[in-house]
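The values are calculated or read from the model by the stated rules, or taken from the named source; none is laboratory data. A quick note: this is a predicted structure, and the numbers were derived from the prediction, not measured. A quick note on method: Cβ atoms are made from the backbone with ideal geometry, for glycine too, and the neighbour counts reach across all protein chains shown.
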Amino acid sequence: MDLTAQDKEAIDNIIRKSSEVNINLLGGKILRTSSRFCFGVEHGDYNGTELFGVGIDRFIWFVYKPSTSGRMRLYSANFPQDGVIEYELGNVPPPTSAQVTNSWARFPYGIDYILKKCGYNLKTGLDGIVYGNIPGGGMSRSASLTLNLILSIFEVNEIEVNDRFDIVSMAKSVENEYIGSPCGELDQIMIMFAREDAGIHYKPKTMSIDYVPFGLGGDNFKIVILDTGTVRAGLDKSTYKIRRAECEKLVGLIREDGIEINTLADVRTSESYEQIMSRFAGEYPDLCERLKYIYHAQQRFYEMLDAWRNVDFQTVGRLFNEDGIGLRDHYRISGPQLEAMCDIARRVPGVLGARMLGGGDKGAAGALVKADCIGALIETVKKEYPRRFPEYSEKFSVHVCSLTKGIQALGKIGQGRI
């Protein structure tokens with residue numbers, strides 16, 4: 001297949017690193033996994049809502065070849081300070097142990113742990129190097145990496161998993177059980193099922209995917225990532241963990257009051273919403289603010305899907321803005337740098353909508369922008385954001401993105417590279 005400029009740069013970086021760290025990748029395979037962009041409902045996965053998003057063209061690349069030694073030898077070009085990670089299959093540190101807390105090695109360790117727990121008998125290890133260009137927090141780097149490594153390990157061990165949701169579940173378990181991150185499954189689903197010509201509509205009650213085509217005229221609009229340059233702690237150390245616990249607490253209170261729901265997404269009708277708010281808002285105002293966001297986000301969801309189908313990106317952008325305001329004011333998961341990026345972007349003509357992305361606090365925001373207004377947005381951000389946060393003037397970045405396939409094999413490394 002034809003490689004993009006991004007692919008060529010990434011593969012060149014990996015090949016250079018292979019000689020530096022003495023990992024021979026000649027004949028190795030290349031697997032690329034994408035980032036993702038969620039249009040709705042952000043933080044909806046653990047609250048039981050339907051989800052809609054796309055894969056976007058910022059990636060994790062992994063070049064690997066099988067090893068008959070029964071060992072893993074892995075290196076990340078993004079985290080050179082960790083050196084080569086080497087371990088025997090089936091022999092990794094215990095979950096959430098201190099020795100892996102601050103190392104990217106927690107991801108391959110966690111995969112080994114979860115696959116063993118799931119009954120997979122791995123015999124073939126890997127020699128491999130990882131490189132990624134996914135920016136900021138909120139862009140699903142961990143999900144992309146975990147899926148990539150799982151799929152690569154399965155490939156060299158000749159293990160076939162027919163249900164891709166099983167792989168999603170394993171990837172989520174790596175973060176939940178081994179790393180201690182309370183993530184949902186939004187990121188893994190969006191990446192696993194992403195296509196370059198459509199959005200992904202996930203229905204949790206039936207565990208099914210519908211593809212919503214990116215209609216004619218869609219090329220006139222672009223997704224732009226606004227990386228604030230801030231570094232977000234893992235989800236286990238962020239407001240995300242608190243918000244998830246708050247939502248679960250409110251579900252418990254509602255159930256104790258005799259209203260049968262399993263998640264906040266089950267509060268769908270105006271009658272049930274008003275009943276719950278009148279019962280709990282006085283005593284638990286913060287918890288009810290979380291419900292307010294989820295309830296109204298679900299109301300927006302189907303209007304947004306229809307607008308996407310009809311290439312009505314003015315409406316998609318408006319709803320994306322409304323979602324961002326709800327995340328800021330009711331879910332209270334955003335942060336000052338994220339909101340500064342959104343405020344700057346919203347003032348630029350041709351920006352249809354902007355809001356924070358992902359787990360919250362720090363990281364990246366996103367915008368839906370008319371293609372002919374991209375230059376104006378970039379120039380405005382470059383001028384205004386450093387004025388507000390001079391400490392990040394050398395760290396922020398802007399990324400213009402397109403829809404992409406989530407999982408893509410790119411061939412092999414040969415004498416002439418590929």
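Taking the range 378-409 as the range and being among the aliphatic types (A, V, I, L, M) and either surrounded by fewer than 19 Cβ atoms within 10 Å (Cβ to Cβ) or farther than 21 Å from GLN6 by Cβ (or both) as the test, the residues that pass are ILE378, VAL381, VAL400, ALA409. Whether any residue in the range 67-83 is of a type in the set (Lys, Arg), within 30 Å of LEU291 (Cβ to Cβ) and touching a strand residue (DSSP E or B) at 6+ places or on another chain (Cβ under 7 Å) is what I want to check. No - not one qualifying residue is present in the range 67-83.
Given the options ALA245, ALA171, name the one that is among the small types (Gly, Ala, Ser) and under 19 Å from the mean Cα position of the chain (by Cα).
Values: ALA245 fails: under 19 Å from the mean Cα position of the chain (by Cα).
Answer to the check: ALA171.
Scanning the range 7-36 for residues that are among the small types (Gly, Ala, Ser), touching a strand residue (DSSP E or B) at 6+ places or on another chain (Cβ under 9 Å) and farther than 29 Å from ILE189 by Cα turns up SER18, GLY27.
Could you please tell me which pairs satisfy a Cβ distance under 6 Å, a separation of 6+ or placement on different chains, a first residue in the range 305-321 that is at positive phi, and a second residue that is outside any helix (DSSP H, G or I)? Between residues of the range 305-321 that are at positive phi and residues that are outside any helix (DSSP H, G or I), the close pairs are VAL311/GLY215; VAL311/GLY217.
Listed here are the strands (runs of 3 or more DSSP E) enclosed by the range 47-104 that have at least 2 residues being buried (at least 21 other Cβ atoms within 10 Å of the Cβ), in contact (Cβ under 8 Å) with a residue 40 or more places away in the chain and within 21 Å of the chain's Cα centre (by Cα): 51-67.
Taking the range 191-217, which residues are in a strand (DSSP E or B) and out of contact with any Pro (no Cβ under 7 Å at 6 or more places or on another chain)? Spell out how you get there, then give the answer.
Initially, the range 191-217 is screened for residues in a strand (DSSP E or B), giving 195, 198-203, 208-213.
Within the range 191-217, ARG195, GLY199, ILE200, HIS201, TYR202, LYS203, SER208, ILE209, ASP210, TYR211, VAL212, PRO213 meet the criteria.
Right, LYS8: among the charged types (D, E, K, R) and touching a residue at least 12 places away in the same chain (Cβ under 8 Å) or not?
Working: among the charged types (D, E, K, R): yes; touching a residue at least 12 places away in the same chain (Cβ under 8 Å): no.
For LYS8, the condition - among the charged types (D, E, K, R) and touching a residue at least 12 places away in the same chain (Cβ under 8 Å) - is not met.
Scanning the range 2-33 for residues that are touching a helix residue (DSSP H, G or I) at 6+ places or on another chain (Cβ under 9 Å) and of a type in the set (Lys, Arg) turns up LYS17, LYS29, ARG32.
Quick grid of which residues meet (1) in contact with a Pro (Cβ under 9 Å, 6 or more places away or on another chain); (2) in a helix (DSSP H, G or I); (3) modelled with pLDDT of 95 or more:
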site	(1), (2), (3)
ASP219	no, yes, no
VAL224	no, no, yes
GLU248	no, yes, yes
LEU253	no, yes, yes
ALA265	yes, yes, yes
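Can you pull out the residues in the range 146-163 that are assigned to a helix (DSSP H, G or I) and either modelled with pLDDT under 95 or over 19 Å from PHE59 (Cβ atoms) (or both)? PHE154, VAL156 - these are the residues of the range 146-163 that are assigned to a helix (DSSP H, G or I) and either modelled with pLDDT under 95 or over 19 Å from PHE59 (Cβ atoms) (or both).
Any chance the range 6-19 includes a residue that's in a loop (DSSP other than H, G, I, E, B) and either of a type outside the set (S, T, N, Q) or surrounded by fewer than 24 Cβ atoms within 10 Å (Cβ to Cβ) (or both)? No, the conditions are met nowhere in the range 6-19. Of the listed requirements (1) under 23 Å from the mean Cα position of the chain (by Cα); (2) touching a residue at least 12 places away in the same chain (Cβ under 8 Å); (3) assigned to a loop (DSSP other than H, G, I, E, B), ASP112 misses just one: (3).
With respect to the stated conditions, ASP45 fails to be more than 30 Å from CYS247 (Cα to Cα) and outside the structural domain of ARG332 (by TED's automatic domain parsing). Among the residues of the range 123-144, at least one is outside any strand (DSSP E or B), charged (D, E, K, R) and closer than 23 Å to ASP187 by Cα. Beta carbons closer than 8 Å, at least 6 apart along the sequence or on distinct chains, pair a first residue in the range 276-287 that is under 15 Å from GLU246 (Cβ atoms) with a second that is among the β-branched types (Val, Ile, Thr) for ILE276/ILE254; ILE276/ILE259; ILE276/VAL267; PHE280/ILE254. Checking GLU185, GLU196, GLU175 one by one, the residue that is crowded, with 17+ Cβ neighbours inside 10 Å, over 17 Å from TRP104 (Cα atoms) and in contact (Cβ under 8 Å) with a residue 60 or more places away in the chain is GLU185 and no other.
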